[in-house]
Amino acid sequence: MGWWQMNADTLARSRFVLSPLAETFASLKLLHARVGAHPGEQEWLHAHLPGYRARLAADPVTATLVRAGLGQSWIADFLTPTPRDGESFAEGVARVRAARPADARAHLRTSLAGPLPAALDRDDLPERAAVLLKYVWETGVRPYWHRRRRVLEADVVARTAQVSQGGWAAVLDSLRPGTRWLGESRFQVNLHEYPPREISGAELVFVPVTPKTGWVSWEEQKHGQGEGKGKEEGEGGGGRQGRYAVVYPCTGALAEAHRAHAAPTALAALLGRSRATVLVLLATPLSTTQLVALTHQPLGSIGRHLKVLRDAGLIRRHRAGRSVLYSRTTAGEVLTGAAAGPEPGPEPEVEGAPGRGSGSLRG
(Lines give C-alpha, C1' and ligand atoms only; values in the text may rest on other atoms or scores of the structure.)
Protein backbone atom coordinates (compact mmCIF):
# COMPACT_ATOMS: atom_id res chain seq x y z
CA MET A 1 0.00 0.00 0.00
CA GLY A 2 1.08 3.65 -0.42
CA TRP A 3 1.18 5.64 2.79
CA TRP A 4 2.50 8.92 4.13
CA GLN A 5 4.28 9.34 7.42
CA MET A 6 3.46 12.60 9.19
CA ASN A 7 3.79 14.08 12.64
CA ALA A 8 0.85 15.35 14.69
CA ASP A 9 1.55 19.00 13.85
CA THR A 10 1.33 18.34 10.11
CA LEU A 11 -2.09 16.75 10.47
CA ALA A 12 -3.30 19.40 12.92
CA ARG A 13 -2.33 22.18 10.47
CA SER A 14 -3.96 20.46 7.49
CA ARG A 15 -7.04 22.05 6.00
CA PHE A 16 -9.70 21.67 3.34
CA VAL A 17 -9.51 23.85 0.21
CA LEU A 18 -11.59 24.20 -2.95
CA SER A 19 -9.94 24.14 -6.36
CA PRO A 20 -11.65 25.04 -9.65
CA LEU A 21 -8.75 23.39 -11.51
CA ALA A 22 -9.12 20.13 -9.55
CA GLU A 23 -12.87 20.17 -10.25
CA THR A 24 -12.11 20.68 -13.95
CA PHE A 25 -9.55 17.90 -14.10
CA ALA A 26 -11.96 15.56 -12.29
CA SER A 27 -14.57 16.45 -14.93
CA LEU A 28 -12.02 15.69 -17.66
CA LYS A 29 -11.47 12.27 -16.10
CA LEU A 30 -15.22 11.72 -16.13
CA LEU A 31 -15.40 12.62 -19.82
CA HIS A 32 -12.52 10.25 -20.49
CA ALA A 33 -14.18 7.40 -18.59
CA ARG A 34 -17.53 8.10 -20.32
CA VAL A 35 -19.46 6.37 -17.52
CA GLY A 36 -21.34 8.24 -14.81
CA ALA A 37 -21.44 6.89 -11.26
CA HIS A 38 -24.95 8.21 -10.62
CA PRO A 39 -27.82 9.86 -12.54
CA GLY A 40 -26.40 13.36 -12.05
CA GLU A 41 -23.10 12.40 -13.70
CA GLN A 42 -24.95 10.53 -16.44
CA GLU A 43 -27.05 13.58 -17.22
CA TRP A 44 -23.94 15.78 -17.32
CA LEU A 45 -22.20 13.33 -19.65
CA HIS A 46 -25.24 13.22 -21.92
CA ALA A 47 -25.00 17.00 -22.29
CA HIS A 48 -21.22 17.36 -22.67
CA LEU A 49 -19.72 14.12 -23.94
CA PRO A 50 -20.73 14.59 -27.61
CA GLY A 51 -18.97 17.95 -27.84
CA TYR A 52 -15.89 16.62 -26.06
CA ARG A 53 -15.64 13.59 -28.36
CA ALA A 54 -16.05 15.76 -31.44
CA ARG A 55 -13.29 18.07 -30.22
CA LEU A 56 -10.84 15.21 -29.71
CA ALA A 57 -11.81 13.62 -33.02
CA ALA A 58 -10.74 16.85 -34.70
CA ASP A 59 -7.47 16.97 -32.73
CA PRO A 60 -5.84 13.50 -32.65
CA VAL A 61 -2.68 14.77 -30.97
CA THR A 62 -4.61 16.05 -27.95
CA ALA A 63 -6.66 12.85 -27.93
CA THR A 64 -3.44 10.84 -27.70
CA LEU A 65 -2.19 13.20 -24.98
CA VAL A 66 -5.30 12.58 -22.85
CA ARG A 67 -5.05 8.80 -23.21
CA ALA A 68 -1.36 8.88 -22.29
CA GLY A 69 -1.72 11.35 -19.42
CA LEU A 70 -4.51 9.48 -17.66
CA GLY A 71 -2.54 6.33 -16.98
CA GLN A 72 -3.77 3.19 -15.29
CA SER A 73 -2.25 3.96 -11.89
CA TRP A 74 -0.36 7.22 -12.44
CA ILE A 75 -1.40 10.57 -13.86
CA ALA A 76 1.16 12.61 -15.79
CA ASP A 77 2.40 15.01 -13.15
CA PHE A 78 2.16 18.24 -15.15
CA LEU A 79 -1.60 17.74 -15.58
CA THR A 80 -2.28 17.87 -11.84
CA PRO A 81 -0.46 20.78 -10.18
CA THR A 82 -1.03 20.59 -6.45
CA PRO A 83 -4.04 22.78 -5.49
CA ARG A 84 -3.39 26.05 -3.71
CA ASP A 85 -5.77 27.78 -1.34
CA GLY A 86 -7.75 30.54 -3.06
CA GLU A 87 -6.31 29.84 -6.52
CA SER A 88 -8.57 30.69 -9.46
CA PHE A 89 -8.96 28.44 -12.47
CA ALA A 90 -6.90 30.84 -14.59
CA GLU A 91 -4.06 30.79 -12.07
CA GLY A 92 -4.15 27.00 -11.83
CA VAL A 93 -4.21 26.33 -15.56
CA ALA A 94 -1.34 28.79 -16.01
CA ARG A 95 0.79 26.36 -13.99
CA VAL A 96 -0.14 23.56 -16.41
CA ARG A 97 0.81 25.78 -19.34
CA ALA A 98 4.12 26.72 -17.69
CA ALA A 99 5.39 23.13 -17.47
CA ARG A 100 8.63 22.55 -19.34
CA PRO A 101 8.08 20.47 -22.50
CA ALA A 102 10.86 18.03 -21.58
CA ASP A 103 9.26 17.50 -18.16
CA ALA A 104 5.84 16.93 -19.74
CA ARG A 105 7.26 14.23 -22.01
CA ALA A 106 9.03 12.59 -19.07
CA HIS A 107 5.82 12.63 -17.03
CA LEU A 108 3.93 11.00 -19.88
CA ARG A 109 6.50 8.22 -20.13
CA THR A 110 5.96 7.59 -16.42
CA SER A 111 2.17 7.51 -16.73
CA LEU A 112 2.46 5.17 -19.71
CA ALA A 113 5.08 3.02 -17.99
CA GLY A 114 6.73 2.82 -21.40
CA PRO A 115 7.99 4.75 -24.43
CA LEU A 116 6.39 7.96 -25.62
CA PRO A 117 4.24 7.68 -28.77
CA ALA A 118 5.82 9.45 -31.76
CA ALA A 119 2.82 11.79 -31.97
CA LEU A 120 3.70 13.22 -28.53
CA ASP A 121 7.36 13.90 -29.20
CA ARG A 122 6.75 17.65 -29.42
CA ASP A 123 7.06 20.81 -27.33
CA ASP A 124 3.47 22.07 -27.28
CA LEU A 125 2.03 19.43 -24.93
CA PRO A 126 1.60 21.76 -21.91
CA GLU A 127 -0.18 24.31 -24.11
CA ARG A 128 -2.46 21.64 -25.57
CA ALA A 129 -3.31 20.35 -22.10
CA ALA A 130 -4.07 23.89 -20.88
CA VAL A 131 -6.33 24.58 -23.89
CA LEU A 132 -8.27 21.36 -23.31
CA LEU A 133 -8.70 22.05 -19.60
CA LYS A 134 -9.92 25.55 -20.42
CA TYR A 135 -12.47 24.05 -22.82
CA VAL A 136 -13.75 21.66 -20.12
CA TRP A 137 -13.92 24.53 -17.62
CA GLU A 138 -15.74 26.92 -19.96
CA THR A 139 -18.30 24.41 -21.26
CA GLY A 140 -18.71 21.83 -18.52
CA VAL A 141 -17.76 23.32 -15.16
CA ARG A 142 -18.08 27.10 -14.99
CA PRO A 143 -21.80 27.13 -15.92
CA TYR A 144 -22.40 24.94 -12.86
CA TRP A 145 -19.64 26.23 -10.61
CA HIS A 146 -21.86 28.30 -8.32
CA ARG A 147 -23.96 25.24 -7.44
CA ARG A 148 -21.01 22.85 -7.34
CA ARG A 149 -19.10 25.18 -5.04
CA ARG A 150 -21.96 25.15 -2.55
CA VAL A 151 -22.00 21.35 -2.60
CA LEU A 152 -18.24 21.28 -2.01
CA GLU A 153 -18.48 23.85 0.78
CA ALA A 154 -21.20 21.80 2.45
CA ASP A 155 -18.96 18.73 2.28
CA VAL A 156 -16.11 20.67 3.91
CA VAL A 157 -18.44 21.80 6.70
CA ALA A 158 -19.54 18.21 7.26
CA ARG A 159 -15.96 16.92 7.29
CA THR A 160 -14.91 19.64 9.71
CA ALA A 161 -17.75 18.67 12.02
CA GLN A 162 -16.69 15.04 11.67
CA VAL A 163 -13.19 15.96 12.85
CA SER A 164 -14.60 17.61 15.96
CA GLN A 165 -16.87 14.67 16.71
CA GLY A 166 -14.75 11.63 15.81
CA GLY A 167 -11.23 12.92 15.24
CA TRP A 168 -9.14 12.86 12.08
CA ALA A 169 -9.13 9.06 11.86
CA ALA A 170 -12.85 9.01 11.09
CA VAL A 171 -12.38 11.55 8.29
CA LEU A 172 -9.32 9.93 6.73
CA ASP A 173 -10.93 6.49 6.76
CA SER A 174 -13.87 7.80 4.72
CA LEU A 175 -12.29 10.15 2.18
CA ARG A 176 -12.20 7.67 -0.70
CA PRO A 177 -11.55 3.96 -1.32
CA GLY A 178 -8.02 3.14 -0.21
CA THR A 179 -7.56 5.93 2.33
CA ARG A 180 -7.18 4.90 5.95
CA TRP A 181 -5.52 6.09 9.14
CA LEU A 182 -3.13 3.26 10.07
CA GLY A 183 -2.02 4.65 13.42
CA GLU A 184 1.54 5.42 14.45
CA SER A 185 1.43 8.63 12.35
CA ARG A 186 0.76 6.73 9.10
CA PHE A 187 -1.88 7.73 6.55
CA GLN A 188 -2.64 5.23 3.80
CA VAL A 189 -3.48 7.11 0.58
CA ASN A 190 -3.99 4.16 -1.79
CA LEU A 191 -3.74 0.39 -2.10
CA HIS A 192 -0.69 0.29 -4.39
CA GLU A 193 2.68 -0.99 -3.27
CA TYR A 194 4.72 2.20 -3.33
CA PRO A 195 7.40 3.13 -0.76
CA PRO A 196 6.23 5.22 2.20
CA ARG A 197 6.72 8.95 2.04
CA GLU A 198 7.76 11.21 4.93
CA ILE A 199 5.78 14.47 4.81
CA SER A 200 6.21 15.82 8.35
CA GLY A 201 6.57 19.59 8.21
CA ALA A 202 4.88 19.89 4.82
CA GLU A 203 1.61 21.64 4.02
CA LEU A 204 -1.23 19.12 3.71
CA VAL A 205 -4.56 19.96 2.07
CA PHE A 206 -7.70 17.96 1.33
CA VAL A 207 -9.59 18.93 -1.82
CA PRO A 208 -13.16 17.76 -2.55
CA VAL A 209 -14.47 17.39 -6.12
CA THR A 210 -18.00 16.50 -7.22
CA PRO A 211 -17.17 13.69 -9.74
CA LYS A 212 -16.58 10.30 -8.15
CA THR A 213 -12.82 10.26 -8.57
CA GLY A 214 -9.66 11.25 -6.72
CA TRP A 215 -5.88 11.38 -6.76
CA VAL A 216 -2.91 12.63 -4.76
CA SER A 217 -0.35 15.25 -5.75
CA TRP A 218 2.51 17.18 -4.24
CA GLU A 219 5.16 19.81 -4.77
CA GLU A 220 8.48 19.29 -3.03
CA GLN A 221 10.90 22.03 -2.12
CA LYS A 222 14.45 21.09 -3.01
CA HIS A 223 17.35 23.53 -3.03
CA GLY A 224 14.96 26.45 -3.06
CA GLN A 225 12.90 25.26 -6.01
CA GLY A 226 9.58 23.50 -6.22
CA GLU A 227 9.41 20.15 -7.93
CA GLY A 228 5.83 19.26 -8.79
CA LYS A 229 4.60 15.71 -8.59
CA GLY A 230 1.11 14.35 -8.96
CA LYS A 231 -0.44 11.00 -9.65
CA GLU A 232 -3.59 8.98 -9.49
CA GLU A 233 -2.63 6.43 -6.86
CA GLY A 234 1.12 6.55 -6.53
CA GLU A 235 3.74 7.06 -3.89
CA GLY A 236 7.49 7.02 -3.66
CA GLY A 237 10.54 8.93 -2.52
CA GLY A 238 11.01 10.90 0.66
CA GLY A 239 9.88 14.52 0.68
CA ARG A 240 9.95 16.64 3.83
CA GLN A 241 8.80 20.11 2.75
CA GLY A 242 6.42 21.50 0.20
CA ARG A 243 2.71 20.96 -0.37
CA TYR A 244 0.78 17.68 -0.44
CA ALA A 245 -2.84 17.22 -1.50
CA VAL A 246 -5.44 14.48 -1.38
CA VAL A 247 -8.23 15.07 -3.88
CA TYR A 248 -11.34 13.11 -2.97
CA PRO A 249 -14.97 12.82 -4.15
CA CYS A 250 -17.31 14.78 -1.94
CA THR A 251 -20.00 12.78 -0.23
CA GLY A 252 -23.37 14.33 -0.92
CA ALA A 253 -25.09 12.18 1.69
CA LEU A 254 -22.66 13.37 4.36
CA ALA A 255 -23.14 16.99 3.42
CA GLU A 256 -26.90 16.62 3.25
CA ALA A 257 -26.98 14.92 6.65
CA HIS A 258 -25.20 17.89 8.17
CA ARG A 259 -27.43 20.31 6.31
CA ALA A 260 -30.63 18.59 7.40
CA HIS A 261 -30.82 20.11 10.88
CA ALA A 262 -34.46 21.14 10.58
CA ALA A 263 -35.57 23.84 12.94
CA PRO A 264 -38.26 22.68 15.40
CA THR A 265 -41.67 24.08 14.63
CA ALA A 266 -41.89 25.97 17.92
CA LEU A 267 -38.47 27.59 17.39
CA ALA A 268 -39.34 28.51 13.81
CA ALA A 269 -42.57 30.13 15.00
CA LEU A 270 -40.62 32.17 17.55
CA LEU A 271 -37.65 33.28 15.45
CA GLY A 272 -38.70 32.66 11.85
CA ARG A 273 -37.66 29.49 10.04
CA SER A 274 -34.51 30.86 8.38
CA ARG A 275 -33.16 32.40 11.58
CA ALA A 276 -34.10 29.32 13.60
CA THR A 277 -32.23 27.12 11.11
CA VAL A 278 -29.09 29.20 11.59
CA LEU A 279 -29.36 28.85 15.36
CA VAL A 280 -29.83 25.07 15.12
CA LEU A 281 -26.83 24.69 12.79
CA LEU A 282 -24.63 26.58 15.23
CA ALA A 283 -24.49 23.56 17.50
CA THR A 284 -21.15 23.28 15.67
CA PRO A 285 -19.07 26.48 15.30
CA LEU A 286 -19.43 27.73 11.73
CA SER A 287 -18.33 30.72 9.65
CA THR A 288 -20.66 32.90 7.60
CA THR A 289 -19.38 31.22 4.41
CA GLN A 290 -20.20 27.80 5.81
CA LEU A 291 -23.67 28.94 6.87
CA VAL A 292 -24.31 30.28 3.36
CA ALA A 293 -23.25 26.90 1.92
CA LEU A 294 -25.45 24.92 4.29
CA THR A 295 -28.58 27.04 4.17
CA HIS A 296 -28.41 28.40 0.59
CA GLN A 297 -29.38 31.79 2.03
CA PRO A 298 -27.68 34.94 0.69
CA LEU A 299 -24.69 36.28 2.59
CA GLY A 300 -26.59 39.45 3.51
CA SER A 301 -29.45 37.46 5.03
CA ILE A 302 -27.04 35.32 7.05
CA GLY A 303 -25.35 38.46 8.34
CA ARG A 304 -28.66 39.92 9.49
CA HIS A 305 -29.68 36.68 11.21
CA LEU A 306 -26.35 36.51 13.02
CA LYS A 307 -26.67 40.11 14.23
CA VAL A 308 -30.16 39.51 15.61
CA LEU A 309 -29.11 36.29 17.34
CA ARG A 310 -26.00 37.97 18.83
CA ASP A 311 -28.00 40.95 20.05
CA ALA A 312 -30.41 38.50 21.73
CA GLY A 313 -27.50 36.76 23.48
CA LEU A 314 -28.17 33.45 21.74
CA ILE A 315 -24.85 33.17 19.88
CA ARG A 316 -21.29 34.39 20.25
CA ARG A 317 -18.47 34.83 17.79
CA HIS A 318 -14.77 34.07 18.14
CA ARG A 319 -11.73 33.87 15.92
CA ALA A 320 -10.08 30.57 14.99
CA GLY A 321 -6.98 31.18 12.90
CA ARG A 322 -8.07 33.20 9.87
CA SER A 323 -11.75 32.42 10.34
CA VAL A 324 -14.46 34.06 12.44
CA LEU A 325 -16.74 31.36 13.82
CA TYR A 326 -20.18 31.61 15.42
CA SER A 327 -21.57 29.23 18.04
CA ARG A 328 -24.47 29.06 20.47
CA THR A 329 -24.28 30.55 23.95
CA THR A 330 -25.73 28.80 26.99
CA ALA A 331 -28.95 30.71 26.40
CA GLY A 332 -29.00 29.52 22.81
CA GLU A 333 -28.48 25.93 23.92
CA VAL A 334 -31.31 26.18 26.43
CA LEU A 335 -33.66 27.68 23.86
CA THR A 336 -32.96 25.11 21.14
CA GLY A 337 -33.06 22.28 23.67
CA ALA A 338 -36.46 23.37 24.96
CA ALA A 339 -37.83 23.85 21.45
CA ALA A 340 -36.56 20.41 20.39
CA GLY A 341 -38.79 18.69 22.96
CA PRO A 342 -41.86 16.71 21.92
CA GLU A 343 -44.38 18.61 19.88
CA PRO A 344 -47.46 19.54 21.93
CA GLY A 345 -50.46 17.31 21.44
CA PRO A 346 -53.94 18.52 20.57
CA GLU A 347 -55.48 20.93 23.01
CA PRO A 348 -58.12 19.29 25.23
CA GLU A 349 -61.68 20.12 24.42
CA VAL A 350 -63.31 22.38 26.99
CA GLU A 351 -66.91 21.72 27.77
CA GLY A 352 -69.06 24.30 26.11
CA ALA A 353 -66.25 25.54 23.87
CA PRO A 354 -66.63 25.40 20.07
CA GLY A 355 -64.92 22.48 18.35
CA ARG A 356 -61.98 22.83 15.95
CA GLY A 357 -64.24 22.38 12.98
CA SER A 358 -66.69 25.12 13.95
CA GLY A 359 -64.88 27.93 12.16
CA SER A 360 -64.61 29.99 15.34
CA LEU A 361 -61.58 32.21 15.89
CA ARG A 362 -59.18 31.34 18.67
CA GLY A 363 -58.38 34.30 20.85
Original post:
How much solvent-accessible surface does Glu43 expose, in Å² to the nearest 10, with a 1.4 Å probe and all protein chains in place?
Top reply: 130 Å²
Original post:
In nm, what is the difference between 0.36 nm times the number of residues separating Val131 and Ala90 and their Cα-Cα distance?
Top reply: 13.6 nm
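Just subtract the alpha-carbon distance of Arg34 and Arg109 from 0.36 nm times their residue separation and send over the number in nm, one decimal.
Stretched out fully, the Arg34 to Arg109 stretch lengthens by 24.6 nm.
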Original post:
What FRET efficiency comes out for the pair Ser73/Thr289, r = Cβ-Cβ distance, R0 = 51 Å, nearest 0.05?
Top reply: 0.90
Original post:
Averaged over all directions, how much area does the convex hull of the C-alpha atoms of region 101-221 cover when projected, in nm²?
Top reply: 10.2 nm²
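Could you look at region 1-69 and say what percent of its accessible area is carbon and sulfur, using a 1.4 Å probe and all protein chains? Numbers along the way, then the final one.
Numbers: 1800 of 3100 Å².
Result for region 1-69: 58 percent of the exposed heavy-atom area is carbon or sulfur.
The values are calculated or read from the model by the stated rules, or taken from the named source; none is laboratory data. Computed from a predicted model, the values in this text were never measured in an experiment. In this analysis, Cβ positions are derived from the backbone assuming ideal geometry, glycine residues included, and neighbour counts consider all displayed protein chains. Just the protein is used for accessible areas: all its heavy atoms, side chains included, with ligands, DNA and RNA removed. Shrake-Rupley method; radii C 1.70, N 1.55, O 1.52, S 1.80 Å.
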